[in-house]
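Below is one structure, written out as structure tokens, with a few remarks after it.
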Amino acid sequence: MVTAQLELPVGLLNCSMQLIKIRHAGLQDAAIVADISRKTFYDSFAQFNTPENMEKYIRKEFSSKRLRGELASNENIFLLAYSNDQLEGYAKLSESFQPSEFSGEPSLEICRIYSKVNMIGKGIGKSLMEEILRIAMDKGKKIIWLGVWEHNPWAISFYSKWGFQKFSEHPFILGDEVQTDWLMKKNI
């Protein structure tokens, strides 16, 4: 069956008859950002980590208080992805840090990009990435970059399809365990 391609306004994607809407989160969204952050991180990584390390990381990184502070910062952008009016994913972008490898080129970090497990492959990640690229171009960024767990082949494949390439590694602390993240970048 052939599906017609529709041009939709920025922030909207029609994927398999599901309308995906992306909106910027504000300070008033701290509770829902905290909820989806905890859920998507837990569902993505709990099977690979101890309950103690997951609890320690989630409690620290995804507290409502911490996320309110991140949402209030002008250096961060949070995007919320909705399908059929249900929150199904989110992304966090940051302009606060730039790897030395970029030699001063303006960059935007994708700190987090997650969808609920049952929505993987249904356009949430694609819609978020399209909006991230639009934002990066609007801000005059030359590079977008991210860290991804070295043992997450699905995510590495997703980013590679978007043109991201590994340029370095760094430690990622999950609870009491030191893991390795690949740093990947895409020139815009």
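The values are calculated or read from the model by the stated rules, or taken from the named source; none is laboratory data. All figures in this text were calculated on a predicted structure; none of them were measured in a lab. Here the Cβ is made from the backbone with ideal geometry for all residues, glycine too, and neighbour counts use every protein chain on show. Please note that ligands, DNA and RNA were not included when accessible areas were found on the heavy atoms of the full protein model with its side chains. Shrake-Rupley method; radii C 1.70, N 1.55, O 1.52, S 1.80 Å.
If the chain between Gln179 and Val117 were fully stretched, how many nm would it gain, using 0.36 nm times the residue separation less the Cα-Cα distance?
My answer for the length gained is 20.1 nm.
Could you tell me how far the Cα centroid of the stretch 117-141 sits from the Cα centroid of the stretch 144-173, in Å?
Their Cα centres are 15 Å away from one another.
Just to check I understand the Karplus step: with θ = phi - 60° and J = 6.51 cos²θ - 1.76 cosθ + 1.60, what whole-Hz values come out for the stretch 57-68, glycine and proline as x?
The phi angles translate into 5, 4, 4, 6, 7, 10, 6, 4, 4, 4, 5, 4 Hz.
What list of ³J(HN,Hα) values in whole Hz, one per residue of the stretch 179-187 in order, does the Karplus curve 6.51 cos²θ - 1.76 cosθ + 1.60 (θ = phi - 60°) give from phi, with Gly and Pro shown as x?
After applying 6.51 cos²θ - 1.76 cosθ + 1.60, I find 10, 10, 9, 7, 9, 10, 9, 9, 7 Hz.
Could you grab the relative contact order for the stretch 53-165? Cα pairs under 8 Å, six or more apart, rounded to a whole percent.
Result for the stretch 53-165 is 19 percent.
If you take every residue apart from Thr180 with its C-beta less than 14 Å away from the C-beta of Thr180, what net charge results, scoring Lys and Arg +1 and Asp and Glu -1?
After counting each charged neighbour, the total is -3.
When the chain is fully extended, how far beyond the present Cα-Cα distance does Gln86 get from Ile32, taking 0.36 nm per residue of separation?
18.3 nm
Calculate, in nm to one decimal, what Glu105 and Thr50 gain on full extension: separation in residues at 0.36 nm each, minus their alpha carbon distance.
In short, 15.9 nm is gained.
Most mobile of Gly89, Gly123, Gly26 per a Gaussian network model of the chain (Cα springs, under 10 Å)?
Comparing Gly89, Gly123, Gly26 in the GNM, the peak value goes to Gly26.
Would you mind getting the accessible area per residue of the stretch 63-188, heavy atoms of the protein chains only, 1.4 Å probe, in Å²?
That works out to 49 Å² for each residue.
Where a Cα-Cα gap under 14 Å defines reach, which aspartates and glutamates qualify for Lys56, not counting those fewer than 8 residues away within the same chain?
The qualifying aspartates and glutamates are Asp176, Glu177.
Using the basic label-point model (7 angstrom from Cα toward the beta carbon), what is the His151 to Lys166 distance in nanometres?
Calculated label separation equals 1.5 nm.
Karplus couplings for the stretch 121-126 from phi (6.51 cos²θ - 1.76 cosθ + 1.60, θ = phi - 60°), rounded to Hz, Gly and Pro as x?
Values, residue by residue: x, 10, x, 5, x, 4 Hz.
So, counting K/R as plus one and D/E as minus one, what does the shell of residues with Cβ under 13 Å around Met54 add up to?
Taking every Cβ under 13 Å from that of Met54, the sum is -1.
I need the shape label for the stretch 6-147. Rule: rounded when a/c is under 1.5, else prolate if a/b > b/c, else oblate, with a, b, c from the alpha carbon gyration tensor.
Oblate.
At most 16 other Cβ atoms within 10 Å and a DSSP loop assignment: could you name the chymotrypsin sites (Phe, Trp or Tyr not before Pro) in the stretch 141-176 that fit?
Hits after loop and neighbour filter: Trp162.
Mind ranking Ser96, Ser64 by accessible surface for me, highest first, 1.4 Å probe?
If we order Ser96, Ser64 from most to least accessible, we get Ser96, Ser64.
What order do Thr180, Thr40 take when sorted by accessible area (1.4 Å probe), most exposed first?
Thr180, Thr40
Determine the calculated [θ] at 222 nm for the chain from helices alone, applying -39500 (n - 2.57) to every DSSP H run no shorter than 4 residues and normalising by the residue count; nearest 500 deg cm²/dmol.
-10000 deg cm²/dmol
What's the longest bit of the chain with no exposed GluC sites (Glu not before Pro), using DSSP loop states and at most 15 other Cβ atoms within 10 Å as the test?
Counting at most 15 other Cβ atoms within 10 Å as exposed, the longest clean stretch of the chain is 76-149.
Assign one of three labels to the stretch 144-188, namely rounded, prolate or oblate, based on the Cα gyration tensor with a ≥ b ≥ c the square roots of its eigenvalues; rounded applies when a/c is under 1.5, prolate when it is not and a/b is larger than b/c, and oblate otherwise.
Prolate, because a/c is 1.5 or more and a/b exceeds b/c.
Quick check: from the Cα gyration tensor, does the stretch 91-153 come out rounded (a/c under 1.5), prolate or oblate?
It is oblate, given that a/c is not under 1.5 and a/b is not larger than b/c.
Which percent of the accessible area of the chain is formed by carbon and sulfur heavy atoms (probe 1.4 angstrom)?
The nonpolar share, carbon plus sulfur, comes to 52 percent.
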